[in-house]
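S.K.: Structure below; questions to follow.
Every read-out reported here was derived from the displayed coordinates using simple, explicitly stated rules and does not represent laboratory data. All values reported here derive from a predicted model rather than from experimental measurement. FYI the Cβ positions are ideal-geometry reconstructions off the backbone, even for glycines, and counts take in every protein chain you see.
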Amino acid sequence: MSENWPLWEVFMRSKNGLAHKHAGSVHAQDAETAILSARDLYTRRGEAASLWVVRSEHIIASDPASSGELFDPADDKIYRHPTFYKVPDGVKNM
Amino acid sequence: MPASQYQPPKTAHAKYILRLADNALVLGQRLSEMCGHAPEMELDIALTNLALDLIGQARLLYTHVLTLEPLAPNPDILAMTRPLGHYTNCLLVARPNTDFAHIVLRQYLFSSMQKYQYEALLDSQDKALSAIVEKSLKEIAYHIRFAKTWVLRLGDGTEESHERMADALDYMWRFSGEMWEKDAVLEETVKQGLSADFTLQKDKWLKENKELLQEAGGLAIPDVGRMIMGGYQGEHDEHLGHILKDLQYMQLKYPNMEW
C-alpha cells in the first residue's frame, strides 16, 4: 500500500442513532473516494443515515499508559456523577 | 438437449423491457467477474455492489415482463437459457474487463445514459415499470457518481493512468451510439405512452461527456468513423458468448435448479 492510499477512519450515524460511532477504516486517495468506499463497505445493511471520514493521522488518541492519571481521579468524585438525579417520567433520551 | 422453454417477445412493450433487463444482467455479470480481482479491496466491494444493484434491476424487470407475455416459465429460465441471438442487450455492456479504466469508463457511459432512459419511464402507462424505475434511479445516481469519480482520477492522474483511460475511450466510444438510436421498438414504445423519447437528451449527454473528459486530463471524444450497432437486435460479437458460457452453465447443466 503506497502513500497514495492513506488510511481513513469511518464514523457512522445509524438511522436510530444520535451520534456517529466508529465503524472501521478504509484506504482511499482523497475525501470523495473515502466517502464512496465507506458507503460501499459499511452501509450495506441499511443502517446508515450519515457518514464521517477522517484521516487516521488526524486522530490523536490518549495513551493507554496514561489512563490512570487521566481517568481514575474522576471515579472517586461521585458528587460529579450524573447518578443522583431522578429522571421524570416522559423525558426521553437521558 | 432439452427443448428450449423460451419463446421470443411479440410486443414492443415486452421487447423494450427485455432490452432494459438484458442490459442490466449482462453488465451485472461483467462486474461480477471482478469479484476477488479488483485493484483494491475497497474497489472489489464497490464493483460487486454495482453488480448486485444491476442484477437486482434485471430480476425485477424479468419478473415484470413475464406478467406481460409468457416468454418462459420463470425469470431464471428467461435470464439464463436463451440462445445468443435472443439476448437484446447493447454491445457496450458486454465489453471485456480489460483494465480498471475500461471498467469505469464503460460504467460511466452506460449509467449516464441509463439515467435518461429510466427517467423517461417515470410517467409510463405501465405503472409497475415506473415503480421499478423510480427505485432504480437512486442506484443509478450512485453508479454515475462512482464511475465519474474514477474516470476523473484516472484521466487526470499519472501518465500511465491517463494513457489507459485514453485507450479505453478510443475503444469504447464506438459502442456508445447504439444506446442512443431510436429504433422501431423504442418508437413503438413511445407511441404507446410507455416511455418518453429519451434520445432527445442525446446532445445534453454528449455535452456532459465532453466536459467530463476534458476535466479528466484533457481527453477528447475520438473520431470513430462509424458506430458499431446490433446488440439490441440480437447481433452480438464473441464477447457475449464468453459471458454466457459462465452465466448459463448451471441452468443448462441442471435445468430448473434451485439453491
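S.K.: Can you tell me the order of B:24-30, B:140-146, A:13-19 when each peptide is scored by its average per-residue count of other Cβ atoms within 10 angstrom, highest first? All intermediate terms of the calculation are to be shown ahead of the outcome.
M.R.: Numbers: B:24-30: 25.1, B:140-146: 19.3, A:13-19: 11.0.
Going by the mean number of other Cβ atoms within 10 Å, highest first, we get B:24-30, B:140-146, A:13-19.
S.K.: If you put +1 on each Lys and Arg Cβ and -1 on each Asp and Glu Cβ, how big is the dipole of the range B:32-187 around its Cα centre, in Debye rounded to 20? Intermediate results must be reported in sequence, preceding the final value.
M.R.: Working: 14 positive and 23 negative charges, 73 e Å.
Roughly 360 debye for the range B:32-187.
S.K.: Let me ask something else. Taking chain B as a Gaussian network, Cα atoms linked when under 10 Å apart, which of B:117, B:57, B:192 shows the biggest mean-square fluctuation?
M.R.: So, out of B:117, B:57, B:192, the one fluctuating most is B:192.
S.K.: What is the helix-to-structure angle for B:238-247, meaning the angle in degrees between its Cα long axis and the longest Cα principal axis of chain B, kept from 0 to 90 and rounded to the nearest 10?
M.R.: The helix B:238-247 is inclined about 60 degrees to chain B.
S.K.: Quick one: P(r) of the range B:1-143 from all Cα-Cα pairs, 5 Å bins, percents rounded to integers, in order of increasing distance.
M.R.: Bins of 5 Å from zero give 2, 10, 20, 22, 18, 15, 8, 4, 1 percent of pairs.
S.K.: Once the convex hull of the alpha carbons of the range B:117-259 is built, what does its volume come to per residue, in cubic angstrom? Can you show the working numbers first?
M.R.: Details: hull volume 25.4 nm³, N = 143.
Taking the convex hull of the Cα positions in the range B:117-259, it is 178 Å³ per residue.
S.K.: Then there's this: With all pairs of different alpha carbon atoms counted, what Kirkwood hydrodynamic radius in Å does the range A:1-44 show?
M.R.: Numbers: mean 1/r = 0.0913 Å⁻¹.
The answer is 11.0 Å.
S.K.: Further question on the same structure: Can you divide the C-alpha Rg of the protein assembly as shown by 2.2 N^0.38 Å and report the result to two decimal places? Each step should come with its number before you reach the end.
M.R.: On the way: Rg = 24.9 Å, N = 353, 2.2 N^0.38 = 20.4 Å.
Ratio of Rg to 2.2 N^0.38 Å for the protein assembly as shown: 1.22.
S.K.: While we're here: Starting from the Kirkwood Rh over alpha-carbon pairs, what translational D in µm² s⁻¹ does the range A:42-94 have by Stokes-Einstein at 4 °C and 1.567 mPa s? Walk me through the numbers before you get to the answer.
M.R.: Working: Rh = 16.1 Å.
Result for D is 80 µm²/s.
S.K.: May I pose another question? So what are the radius of gyration and Dmax for the Cα set of chain B, in Å?
M.R.: Gyration radius and largest Cα-Cα distance of chain B: 17.9, 54 Å.
S.K.: For residue A:3 paired with residue B:246, estimate the spin-label separation in nm (one decimal), with each label point 7 Å from Cα along the Cα-to-Cβ line.
M.R.: Placing both labels 7 Å beyond Cα along the Cβ direction yields 3.8 nm.
S.K.: Oh, and also: Restricting to DSSP H runs of at least four residues, report the calculated mean residue ellipticity at 222 nm for the protein assembly as shown, -39500 (n - 2.57) per run over all residues, nearest 500 deg cm²/dmol.
M.R.: Working: 12 runs with 174 residues, N = 353.
Taking each H run of at least 4 residues, the total per residue is -16000 deg cm²/dmol.
S.K.: Measure nothing fancy, just the Cα-based angle from helix A:31-42's long axis to the longest principal axis of chain A, in degrees from 0 to 90, nearest 10.
M.R.: Computed tilt is about 70 degrees.
S.K.: Hey, another quick one. Once the Cα atoms of helix A:67-76 and of chain A are each reduced to a long axis, what angle between those two axes, in degrees from 0 to 90 to the nearest 10, is obtained?
M.R.: Once rounded, one gets 30 degrees.
S.K.: Next question. Positive end of the charge dipole of chain B (Lys, Arg +1 and Asp, Glu -1 on Cβ, about the Cα centre): tell me which of B:179, B:125, B:242 has its Cα farthest that way.
M.R.: Of the options given, the answer is B:125.
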